[in-house]
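Contents: one structure, followed by commentary.
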Amino acid sequence: MKKMIALMGAVSLLAFTGCGAENTDNKTEADNKDSDTADNNAQDKASEGDYSFNGKSFVITLYPEIAPITCDNFQKLVEGGFYDGLTFHRIVEGFMAQGGDPVGNGTGGSDENIKGEFASNGVDNRISHQKGVISMARSQNPNSASSQFFICYADCTFLDGDYAAFGEVTEGMEVVDGFLEVPRTFGGDGAISAPTEPVVMDKVEMIDADENGNPRVKVTMR
């Protein structure tokens, strides 16, 4: 039950750690850390090691017929080299890995915000937030997404209708799962989510489309 409460707290803060100028730091859960102090200390005292991914990669397939605005924005950022060298700054076991922030702490984004392509914002989006699905992070403003995205570690269907899913990891999900091996400490969301060592996207690039013509993105980790 305690784990579920912590997870739901992290979910409620997903909007606050989204993209663009409207982001805010939310520290209201700081007072709830007592029960997890031992876990935090264990994370902080974890022995140092090499957590680099040595060129391991994963592939994301985009679905522009479902989320055209989101896919177009993501593809433009990829083609412009925006994501090269950026990190996954927020990794929550059983929930998701979030990255694509040039600031590196959940408060940054690209220069342009896009319309949120999801039901509560008037857009039909048939992609459900299941394991491996990629979706856009945002602030409370439904049209505030820019560059930050997250990849689901589990079925998170409670996000359906409120976040713009636009593709899925179709190769190399084990690499994304491997992010969980990096020691983490408490992040701004009140959960053990902040990697103590950077989880870096070395190169993010477009590759050949799949057999159905869907664009694909290869993410090579450092």
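Values as computed for the structure displayed
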{"quantity": "For 76, 203, order by how many other beta-carbon atoms lie within 10 Å, fewest first", "calculated": "76, 203"}
{"quantity": "Sequence-separation-based contact order of the stretch 61-168, relative, with Cα cut under 8 Å and 6+ spacing, percent", "calculated": "31"}
{"quantity": "Whole-Hz ³J(HN,Hα) from phi, Karplus 6.51 cos²θ - 1.76 cosθ + 1.60, for the stretch 113-126, glycine and proline x", "calculated": "8, 10, 5, x, 8, 8, 4, 5, 10, x, 10, 6, 10, 8"}
{"quantity": "Charge dipole of the stretch 68-222 about the Cα centre (unit charges at C-beta), most positive-ward option of 83, 95, 191", "calculated": "191"}
{"quantity": "Whether the stretch 75-222 is rounded, prolate or oblate, judged on the alpha carbon gyration tensor where a/c under 1.5 counts as rounded", "calculated": "rounded"}
{"quantity": "Two-site label geometry, residue 112 and residue 211: point separation in nm, points 7 Å out along Cα→Cβ", "calculated": "3.4"}
{"quantity": "Efficiency of FRET between residue 56 and residue 124 - r from beta-carbon atoms, R0 45 angstrom, step 0.05", "calculated": "0.80"}
{"quantity": "Long-range HN-HN contacts of residue 138 with modeled amide H, under 5 Å", "calculated": "18, 19"}
{"quantity": "Summed side-chain charge close to residue 130 - residues other than residue 130 whose Cβ falls under 15 Å, Lys, Arg +1, Asp, Glu -1", "calculated": "-2"}
{"quantity": "Sorted by Cβ density within 10 Å, fewest first, the residues 129, 89", "calculated": "129, 89"}
{"quantity": "Phi-based couplings in Hz for the stretch 152-167 (Karplus 6.51, -1.76, 1.60; Gly and Pro marked x)", "calculated": "6, 8, 8, 5, 10, 5, 5, 8, 4, x, 10, 9, 8, 6, 9, x"}
{"quantity": "Amide H within-cut-off set for residue 87, under 5 Å, with H built and near neighbours excluded", "calculated": "100, 101, 201"}
{"quantity": "Span from the the stretch 157-218 Cα centroid across to the the stretch 75-92 one, whole angstrom", "calculated": "10"}
{"quantity": "Least to most buried among 126, 216, 90 (fewest other Cβ within 10 Å first)", "calculated": "126, 216, 90"}
{"quantity": "Spin-label pair residue 197/residue 181, simplified geometry with 7 Å Cα→Cβ offset, distance in nm", "calculated": "1.0"}
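No value in this document is a laboratory result; all are computed from the given coordinates. Remember, predicted model here, so these are calculated numbers, not experimental data. Glycine gets a Cβ as well: all are built from the backbone with ideal geometry, and neighbour counts include every protein chain shown.
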